[in-house]
Structures are given as structure tokens and as C-alpha cells.
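This report refers to the structure that appears directly beneath it.
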Amino acid sequence: MTLAEIYSALEKVENGSTLIDGIKAELAKANNDAKGNREAKEKAEKSIQDLQAQLTKLQEENEGYKAATGDKDTKLSALEKQVQTLIKSTEEAKARAEAENKARIDADIRSQVMDALTKSNAIDPQEFTKLIASSIKVGEDGSYSYMKKDGTNGTVADAAAEWLSDKPWAVKSTQNPGSGDAKSPNQPTGAEDIAKEFGAALGI
């Protein structure tokens with residue numbers, strides 16, 4: 001499902017525009033930060049390559065002449081420190097880029113889970129998303145999957161459906177007033193019962 005499809009679905013629900021604005025802002029920040037870290041990482045890697053080439057040349061020139069003068073040893077030592085500093089900076093830039101990429105993926109997963117819950121008439125898609133999103137895994141090709149109860153791979157929609165399947169209290173009643181009793185046999189009968197069910201789902 002594309003972001004455009006998710007936005008289109010959210011526009012049809014209450015407070016959907018607020019959710020869309022939040023998702024867009026979060027994704028934009030993650031993408032901008034990731035771009036900046038990526039450029040810094042590439043620049044640092046190029047500097048390291050140049051310095052490592054100089055280091056190799058000095059090591060070759062310095063071999064066999066250490067006792068003659070301390071000049072080359074001094075240059076070599078200073079260059080080695082520069083290389084180590086740049087290596088550390090590159091590793092930090094890489095770590096930041098990975099963290100920003102993870103943040104972007106997490107935001108995308110949350111938006112898809114929220115969309116699936118909204119389509120399933122969940123009473124609080126935003127809160128329930130926090131309970132489900134961690135069960136979504138990212139494949140090597142960037143696709144999302146969910147391990148279903150029967151051991152097979154499912155989709156984000158499957159994750160939302162299975163989570164809601166044994167929690168009738170978490171789904172809005174779609175039965176029209178006057179058409180009979182809207183409560184299912186397992187449906188909580190009051191606010192206190194619903195709170196207990198929600199607490200059980202949260203593990204508290």
C-alpha cells in the first residue's frame with residue numbers, strides 16, 4: 001500500500017487530517033536528516049581514502065629510515081591520528097544515518113498499521129498501533145511482514161486483523177441503532193469493563 005492510498009483512507013475518518021499532517025512531518029524530518037548524514041558520510045569516506053593513500057606512501061618511505069631522522073616519524077604519527085579521527089567520524093555518521101533510516105521505516109510501519117486498524121473500525125487506531133507495530137518485520141528487500149499465529153508470513157493488515165480478532169471491545173459497533181442488541185457475547189458492557197480489557201491487552 002502506498003502513502004497516497006494511506007492518506008486517502010485517513011482523510012475519510014475523524015481527525016484523519018491531523019494524523020496525515022503528523023505522518024508527513026515525521027517522514028519529512030527523517031528523510032532530511034538521513035540525506036544530511038549520508039552526504040557527510042560520503043565526504044568523510046573520501047577524505048579517509050585520500051589520507052590512507054598518503055599514509056601508505058609515508059609508511060613505505062619511512063621503512064628503514066626510522067633511525068636517520070625523526071621528521072618522517074612525526075609526519076607519519078600525525079597522519080595516523082588524522083586517519084583515526086576521520087574513521088571515528090565516519091563510523092558516527094554511519095550510525096546516525098542508520099538511526100535516521102530506522103526512524104523513517106518505523107514511521108512508515110506505524111502509518112500502515114494505523115491505516116489497517118482504521119479500515120477495521122478499531123476504536124483507537126493511534127493507541128493500538130503502538131501495541132502492534134513492533135511485531136512487523138522488515139525484509140532484506142525492504143518489504144514488511146508479520147508472523148501469523150499459524151506460523152506463516154502475513155501482511156500488515158493480517159497483523160491488525162489478528163490482534164483485533166479476540167478483542168471485540170476494541171472494534172466499533174457498526175450495527176444501526178434499533179436493529180437489535182449491538183453487543184457481541186464477549187463485548188464489555190460498560191466503561192469499567194472496557195478499561196479492564198484494554199489494560200489486559202497492554203499487559204498491565
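The values are calculated or read from the model by the stated rules, or taken from the named source; none is laboratory data. None of the values given here were measured: they were computed from a predicted structure. Here the Cβ is made from the backbone with ideal geometry for all residues, glycine too, and neighbour counts use every protein chain on show.
Observations, loosely collected:
- Within the option set Glu162, Glu91, Glu140, being acidic (Asp, Glu) and within 30 Å of Thr56 (Cα to Cα) holds for one residue only, Glu91.
- Residue within the range 26-35 that is within 30 Å of Ala170 (Cα to Cα) and at pLDDT below 85 present: yes
- Lone qualifier among Ser89, Ser111 - being buried (at least 20 other Cβ atoms within 10 Å of the Cβ) and part of a helix (DSSP H, G or I): Ser111
- Within the range 68-100, restricting attention to residues that are farther than 16 Å from Ile48 by Cβ and of a type in the set (S, T, N, Q), the residue that is modelled with the highest pLDDT is Ser77.
- The C-beta contact set for the range 45-60 (first residue over 11 Å from Leu79 (Cβ atoms), second residue modelled with pLDDT of 70 or more and not polar (S, T, N, Q), distance under 8 angstrom, 6+ apart or interchain) comprises Ser47/Leu86; Ile48/Val83; Ile48/Leu86; Ile48/Ile87.
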